[in-house]
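Following: one structure in structure tokens, then a few remarks.
Where a number appears in this text, it was derived from the coordinates with a stated rule and is not lab data. Only a predicted model underlies this, so the values are computations on that prediction, with no experimental measurement involved. For neighbour counting, all protein chains shown are included, and Cβ atoms are generated from backbone atoms with ideal geometry for every residue, glycine included.
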């Protein structure tokens, strides 16, 4: 079990945390941001560019309708 890290010790060894920051930024940028962006854009009828129309759950209804009816997804 890991020992508790006191604030005093964390402030004393602050330079060690500088090694963690680049990897944390890398993970946030290339893992979490694309997932959040995909979830956000899934609620829009968006073909790229500036014009996008909010459709709510209509994209998901269309997807599930195609999955259960056996139809293929079309672009």
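As a rough footprinting exposure proxy, the listed residues 45, 50 were ranked by other beta carbons within 10 Å of their own, and the order from fewest upward is 50, 45. Spread over its residues, the convex hull of the C-alpha atoms of the chain is 205 Å³ per residue.
Among 14, 64, what is the fewest-to-most ranking by other Cβ atoms within 10 Å? Please list the in-between numbers first.
On the way: 14 8, 64 11.
So the residues, fewest neighbours to most, are 14, 64.
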